[in-house]
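First the structure, in the form of structure tokens, and then the observations on it.
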Amino acid sequence: MDPILVSVIALVGVALLFDFINGFHDAANSIATVVSTRVLTPYQAVVWAAVFNFVAAFTFGTAVASTVGRGMIDINIVTPTVIFGGLFGAIVWDLFTWWIGLPTSSSHALVGGLAGAAVATAGWRTLVASEYQKIFVFIVLSPIVGILLAFTFMTGVFWLFHRYRKVEKLNRGFRRGQLISAAAFSLGHGGNDAQKTMGVILALLIANGLLAKGSDVPLWVVLSAHAAIALGTLFGGWRIVHTMGSKITKLQPVGGMAAEAAAATAIWGVTLAGIPVSTTHTIAGAIVGVGTTQRLSAVRWGVAGRVVWAWVLTIPGSFAVAWLTYLPFKLG
């Protein structure tokens, strides 16, 4: 068999492994609120989230995949070793932050990993500045949008129902509503995050002449990426579930529903626009937004601060791992 084809097949496998770890690592984003409010058991929650991660394959198209595959680094320097270095950097960072229980962004780990491998190959000129500027803008905007939308949703709910006296009946309604909001968020999570892996595979196929420039993402790539992230979600990331679901702020069903609905609204919008964002940043911001409607002290700002520091370090951390991973190939 052609050695190039063998390396491409192997790297598609590594990309799908990253996608699996993405689902495993980011399962907390989808299920933490619905588990912490006891609307679903952990097992029910991961199955619920995984199903909608996969259904997203038939919902959002491939605009984000095209952005990642054609726009972030110079396609002319993409080689199997560059892709391997980028994926390895992202995987190592994801596993490290999972182990210490921090909900960092798998998306930004991939962004940093690809950048590190590309810079190690041919310097900073290999990065498409406009695309990275957009990503850095949304690093700041996504949690802020999550906070504002969740605060607005919670305020609206309080205003609509503050005179309603049948509290138990109201809570049952919010518990059912949280099933819908959790499904909507999982759909957005699958729609945005699986496409980043599709983009890496697309770049690999184009760079090795297996697809023409400007080609659409093949159906087998779409289905395999969504299947991998859904399987990862099924295995869950229980260390991070605890941080997201209870350490940042205490949630009730109404708060869980508002946080998930706010994050889903934001993620659906940017996914349809073809912008890769962090689902982790968005849902964490939404949880903070819910907490602030009670009182500022309801948010555990020390935990939130640790999460923010992890976000700040994600791109440079995965960049450094990928850069060091690529160096032996370059020196050899």
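The values are calculated or read from the model by the stated rules, or taken from the named source; none is laboratory data. Keep in mind it's a predicted model, so treat the numbers as computed, not measured. All Cβ positions, even for glycine, are placed from backbone atoms using ideal geometry, and neighbour counts span all protein chains on display. Side chains are part of the model used for accessible areas, which takes the heavy atoms of the whole protein and leaves out ligands, DNA and RNA. Shrake-Rupley method; radii C 1.70, N 1.55, O 1.52, S 1.80 Å.
Simple spin-label estimate for Ile180 and Val140 gives 3.6 nm between the two label positions (7 Å along the Cα-to-Cβ direction from each Cα). Counting only residues 5 or more places away or on other chains, whose amide H sits under 5 Å from the amide H of Ile73 once H atoms are built in the peptide plane? Hits under the 5 Å cutoff: Val128.
In order along region 83-99, phi translates into HN-Hα couplings of 4, 4, x, x, 5, 5, x, 5, 5, 4, 5, 4, 5, 5, 6, 5, 4 Hz, rounded to whole numbers, per the Karplus curve 6.51 cos²θ - 1.76 cosθ + 1.60 with θ = phi - 60° and x for Gly and Pro.
The length gained by stretching the chain between Leu95 and Gln44 to full extension, at 0.36 nm per residue less their Cα-Cα distance, is 15.9 nm. When a/c reaches 1.5 or more, the comparison of a/b and b/c decides; with that in mind, is region 141-189 rounded, prolate or oblate per its Cα gyration tensor? Here region 141-189 falls in the oblate category.
Taking amide H as placed 1.01 Å from N in the peptide plane, the amide H of Gly274 sits under 5 Å from that of Val64, each at least 5 places away or on another chain.
Relative contact order, percent, of the chain when contacts are C-alpha pairs under 8 Å separated by at least 6 residues? Relative contact order for the chain comes out at 39 percent. Annotation: amide H of Thr293 has no partner in the under-5 Å range at sequence separation 5 or more or interchain, hydrogens built in the peptide plane. Using the Cβ-Cβ distance between Thr155 and Asp2 with R0 set to 45 Å, the FRET efficiency works out to roughly 0.15.
Relative to the dominant Cα principal axis of the chain, helix 279-292 is inclined by about 20°.
In terms of the mean number of neighbouring beta-carbon atoms within 10 Å, the peptides 189-201, 4-16 order highest first as 189-201, 4-16. Per residue of the chain, the DSSP helices (runs of n ≥ 4 H) give a summed -39500 (n - 2.57) that works out to -26500 deg cm²/dmol at 222 nm. How high is the FRET efficiency from Leu219 to Gln252, r the C-beta distance, R0 30 Å, rounded to 0.05? According to the calculation, E is roughly 0.10.
When Ile75, Ile283 are compared by accessible area at a 1.4 angstrom probe, the order from most to least is Ile75, Ile283.
If you average the alpha carbon positions of region 206-233 and of region 67-102, how far apart do those two centres end up, in angstrom? A separation of 16 Å, based on Cα centres.
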